[in-house]
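*Asks:* Dumping the structure here so I can ask a few things about it.
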């Protein structure tokens, strides 16, 4: 029954994505005569709806997980440390440096990677609660990281960041199970807010 | 959420920026166009300065000459025929005169033999005298006044002698006196008679000769006429071929040349100005317009390319901006806790990332701004590298791997850097569009086999072009892309630019396997300074 519910929400996310795409195509056909704000308004509306549906789905997932962990294997989540463990993966070195600085001072354990293959190797060795990864990288991209994490680490939240944000990419990320999607440029505060939500959903205390 | 808001903020901005560029570039475009317009203007002036002779006027003049010639011929023929007629009438009279004289002489002889018919002889002499009187003018015309006088005096004398003879009655005055007078008269009569016959026969013979000569002339006139007619036909044929067919062929050549994009103005080929010159002037005006439209088209397409690149640049800019925002935020948050060195490091990052952002924008602005058509020697390699730098964001976005291979000893080519960059960029962007799921783009710069051209090859591993579309792809407005994505002008404009450089674009494609575009550019043979404006 839970599976069906998830599917339903996923389809309605898809529905909204299609509406966004239609809105864009409509604007294009009109020859860009309407102002950008109209398109923006429509897409924002659609995105808000998508995010709402998505957070509903996440809460369902969390409930299920909590129920699962409460019922069957309470001990599995317990080994997580007191501190939230976050992996930051971005081929821009400055992003890693600054996020390390921004998160560490809030008592978060941060590991920074620039090379996605090294990051994947490290994922095999250690457990991370949250992974913040860039979407577009050489060799391995963020979607592949996301796929690896969803298949291997059930209790890890993935937050995707990208400078090349498009509706299609956001859709793919959210449908494939990313916790959230952040477009560059963002402030450390934006990221901390999202990580905070992820931490709460995992049963940690609020950070900061 | 902040992240979502920022995602669409950038969309309106680049378009406003482009509008500004557009205005300034239009002025530059007009300036670039004026030099061409001046060349056209010079050619027009040279053409119009020629003396004006229209084809109908020349044809009219020819026909007038033809008419006058025919008229003259008719007048000559009529005159000759009427003169022959007068001569024939006159000759009849001369024959009659001769006959009368001869009759008179016969009767005179009879008189001396048988003393009869003297009155008949007198009658005939009288007739002859009447004919001589009547034909005075025509005879004078033939033998002159003195000749006529001699004839008249002979006749008068003869008549007088005959009168004297009739006064002497041979029966009455039979005797010595009569016989001696008779013999004297007879001798004189014979002398004058013979003279008269000779003159009359001479006259007839002369007239006959003259009539024969005239007949000969009138016989020869048609032959001469025919000969002149043939000459006229030859002249007319030559006129048509040199004045109508040859210029027509020239015009066909010009149109063909124009269709291939060569807008060199038509210069005067003849010493005078006629309808074909008029046509040339109009064609020059047409070329002026075509060249202007072509430039507008190139410009419009360039702006479209700038628009495409802007999307990539906007995305790529997010990286340095993100770094700046993160660094600046951390600097503000932790300012009091950071050491001076740490602060300096952060500020250094801020400067570095700002410069990176500037660099990303600069290439695009350079491409968008450059507009003055300047023909110079360039290394194809440089232009290719610049193009790849310009499209680097697009290439990254499309997840396409680019391999560049430069042959050895590539000579310089002669052309307009901005325009060639536009051509290469268009081919690169097309290749990226053909590989929506990523792929490989191989770029090769090689010498052609005859070393006359530099060949730049763009080989992609994309979807390819179906065979039935291959011959249409260079047509304006032909596109297989979706409505808002392609204008269908890219390849048409590119081909126009390359042909304007004296080169060509070739294409080979296999559906599903990829496409190879080859741009052939002629090698610069003369140092750049030597090649000026061909008209100057």
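*Asks:* Against the condition under 25 Å from residue A:193 (Cβ atoms) and more than 12 Å from chain B (Cβ to nearest Cβ), how does residue A:146 come out, does it pass?
*Replies:* yes
*Asks:* So how many residues does the range B:341-371 have that are closer than 24 Å to residue B:305 by Cα and surrounded by 13 or more Cβ atoms within 10 Å (Cβ to Cβ)?
*Replies:* 13
*Asks:* Another question, if that's okay. For residues that are modelled with pLDDT under 70 and in a helix (DSSP H, G or I), scanning just the range B:158-180, find the one that is farthest from the chain's Cα centre (by Cα).
*Replies:* Looking at the filtered set, the residue picked out is B:176.
*Asks:* Out of B:329, B:336, which single residue is within 8 Å of chain A (Cβ to nearest Cβ), under 21 Å from residue A:103 (Cα atoms), over 60 Å from the mean Cα position of the chain (by Cα) and surrounded by fewer than 21 Cβ atoms within 10 Å (Cβ to Cβ)?
*Replies:* It is B:329.
*Asks:* If you go through the range B:100-127 one residue at a time, how many are in contact with a helix residue (DSSP H, G or I) (Cβ under 7 Å, 6 or more places away or on another chain) and part of a helix (DSSP H, G or I)?
*Replies:* 17
*Asks:* In addition: Could you check, for the range B:382-393, whether at least one of its residues is in contact with a helix residue (DSSP H, G or I) (Cβ under 6 Å, 6 or more places away or on another chain), at the interface with another protein chain (Cβ under 10 Å from one of its Cβ atoms) and touching a residue at least 12 places away in the same chain (Cβ under 8 Å)?
*Replies:* Yes, the range B:382-393 contains at least one residue that is in contact with a helix residue (DSSP H, G or I) (Cβ under 6 Å, 6 or more places away or on another chain), at the interface with another protein chain (Cβ under 10 Å from one of its Cβ atoms) and touching a residue at least 12 places away in the same chain (Cβ under 8 Å).
*Asks:* How many residues, within the range A:173-201, are more than 10 Å from chain B (Cβ to nearest Cβ), surrounded by fewer than 21 Cβ atoms within 10 Å (Cβ to Cβ) and touching a helix residue (DSSP H, G or I) at 6+ places or on another chain (Cβ under 8 Å)?
*Replies:* Qualifying residue count, the range A:173-201: 5.
*Asks:* I'd like to verify a number: residues in the range B:372-410 that are closer than 26 Å to residue B:438 by Cβ, modelled with pLDDT under 85 and surrounded by fewer than 18 Cβ atoms within 10 Å (Cβ to Cβ), how many?
*Replies:* 3
*Asks:* Determine whether the range B:306-324 contains at least one residue that is surrounded by 14 or more Cβ atoms within 10 Å (Cβ to Cβ), more than 33 Å from the chain's Cα centre (by Cα) and more than 14 Å from chain A (Cβ to nearest Cβ).
*Replies:* yes
*Asks:* Look through the range A:149-166, keep the residues that are more than 15 Å from residue A:95 (Cβ to Cβ) and surrounded by 19 or more Cβ atoms within 10 Å (Cβ to Cβ), and return whichever of them is nearest to the other protein chains (Cβ to nearest Cβ).
*Replies:* A:165
*Asks:* Then there's this: Please tell me if residue B:285 is surrounded by fewer than 16 Cβ atoms within 10 Å (Cβ to Cβ), more than 14 Å from every other protein chain (Cβ to nearest Cβ) and over 30 Å from residue B:44 (Cβ atoms).
*Replies:* no
*Asks:* Output the number of the condition that residue A:170 fails; it satisfies all remaining conditions of (1) surrounded by 18 or more Cβ atoms within 10 Å (Cβ to Cβ); (2) under 21 Å from residue A:114 (Cα atoms).
*Replies:* (2)
*Asks:* Looking only at the range B:253-267, count every residue that is in a loop (DSSP other than H, G, I, E, B) and buried (at least 17 other Cβ atoms within 10 Å of the Cβ) and tell me the total.
*Replies:* So the answer is 3.
*Asks:* Quick check: anything in the range B:10-25 assigned to a helix (DSSP H, G or I), modelled with pLDDT of 80 or more and surrounded by 15 or more Cβ atoms within 10 Å (Cβ to Cβ)?
*Replies:* no
*Asks:* Can you find even one residue in the range A:112-134 that is surrounded by 17 or more Cβ atoms within 10 Å (Cβ to Cβ) and within 11 Å of chain B (Cβ to nearest Cβ)?
*Replies:* yes
*Asks:* What number goes with the only condition from (1) at the interface with chain A (Cβ under 10 Å from one of its Cβ atoms); (2) touching a helix residue (DSSP H, G or I) at 6+ places or on another chain (Cβ under 6 Å); (3) modelled with pLDDT under 85 that residue B:346 does not pass?
*Replies:* If we test residue B:346 against (1) at the interface with chain A (Cβ under 10 Å from one of its Cβ atoms); (2) touching a helix residue (DSSP H, G or I) at 6+ places or on another chain (Cβ under 6 Å); (3) modelled with pLDDT under 85, just (3) comes out false.
*Asks:* Please verify whether residue A:98 is assigned to a helix (DSSP H, G or I), at pLDDT 90 or above, surrounded by fewer than 18 Cβ atoms within 10 Å (Cβ to Cβ) and out of contact with any strand residue (DSSP E or B) (no Cβ under 6 Å at 6 or more places or on another chain), treating the condition exactly as stated.
*Replies:* Answer is no for this residue.
*Asks:* Of all residues in the range A:85-95 being assigned to a strand (DSSP E or B) and buried (at least 20 other Cβ atoms within 10 Å of the Cβ), which is farthest from the other protein chains (Cβ to nearest Cβ)?
*Replies:* So the residue we want is A:87.
The values are calculated or read from the model by the stated rules, or taken from the named source; none is laboratory data. Please read all numbers here as calculations on a predicted model, not as lab measurements. As a convention, Cβ positions derive from the backbone with ideal geometry for all residues, glycine included, and neighbour counts pool all protein chains shown.
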